[in-house]
Amino acid sequence: MVSEPYSVCVYCSASVDDPAALELSRLVGAEIGRRGWQLVSGGGHVSMMGAVATAARAAGAKTVGVIPKKLVHREMADVESDELIVTDSMRERKQIMDERADAFLTLPGGLGTLEELFETWTGGYLGMHDKPVVVLDLDGHYRGLFAWLEQLRERGFAGRAALERVVLTDDLAAAFDALDPGL
Ligand code: AMP
């Protein structure tokens, strides 16, 4: 059996077209390819999601897209994916993305991205999986969120160990090193 390359699931916006966000997406995709890893993504060809996948393929990475059939048009299914999995539901999408990933990387995003980040993060601190959960935040997109989470810790709503289960960094290389604990 041929073993799969190390697989990183990237969560990010499927709506913005901000040049800095797209450039970050391209850098991340290129780094996945440079490291010989595989990308697991939401399978859309739009916005940051599309930019990560396109850059990853251009850098030689295999890409796996997982998209619910209801979003095939809205998020323009990434038909160039090496593997495009069309699911019946959002839940199935997330489950397959989780199963196929060795690590999770979150870039700037909106509600959908937050939902995915929190699911993998909480699963990690509850011991459901031991895969790295990393947030790459170059421009302070998540600063307010993490400041508020720190307040939750001070008020007893979140534990220190739970908060430390995620690696938050503004450095691309540090993010990738955290994604691969074998380094
Ligand atoms: P957003 O951060 O809102 O731009 O969304 C980023 C991606 O998350 C998009 O591909 C959405 O389809 C996806 N998404 C939104 N809600 C969910 C959900 N409940 N489960 C899985 N993916 C979702």
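Going by a ≥ b ≥ c, the root eigenvalues of the Cα gyration tensor, does segment 91-167 fall in the rounded group (a/c under 1.5), the prolate group (a/b larger than b/c) or the oblate group? Oblate shape, in that a/c is at least 1.5 and b/c is the bigger or equal ratio. Give the order of Val64, Val166 when sorted by the count of other beta carbons within 10 angstrom, beginning with the fewest. Exposure proxy ranking, most exposed first: Val166, Val64. Helix 111-125 and the long axis of the chain differ in direction by around 60°, with both axes built from C-alpha atoms. Straight-line cross-link partners of Lys131 among the lysines, defined as a Cα under 17 Å from its Cα and at least 8 positions apart when in the same chain: Lys94.
Give the range of the longest stretch in the chain that excludes all GluC sites (Glu not before Pro) found in loop regions by DSSP and having at most 15 other beta-carbon atoms within 10 Å. Longest run free of exposed loop sites: 81-163. Rounded to the nearest 10 degrees, the angle from helix 90-100 to the longest Cα principal axis of the chain is 90 degrees. Under the simplified labelling scheme, the Arg153-Asp139 pair shows an inter-label distance of 2.7 nm, with each label point 7 Å from Cα along Cα→Cβ. Near Ala21, once Lys and Arg are set to +1 and Asp and Glu to -1 for all other residues with Cβ below 13 Å from its Cβ, the sum equals -4.
Among Met128, Met90, Met49, what is the fewest-to-most ranking by other Cβ atoms within 10 Å?
So the residues, fewest neighbours to most, are Met128, Met90, Met49.
Per-residue ellipticity at 222 nm, computed for the chain from helices alone with -39500 (n - 2.57) per DSSP H run of at least four residues, works out to -13000 deg cm²/dmol.
Within the shell of other residues whose beta carbon sits under 13 angstrom from the beta carbon of Tyr142, the net charge comes to -3, with Lys and Arg scored +1 and Asp and Glu -1. If both residues of a DSSP beta bridge must be in the chain, then about 5% of such bridges are antiparallel.
Bear in mind these aren't lab numbers, they're just calculated from the coordinates by the rules spelled out. Because the structure is a prediction, the values reported are computed rather than measured. Reconstructed Cβ throughout: ideal geometry from the backbone, glycine too, with neighbour counts over all protein chains shown.
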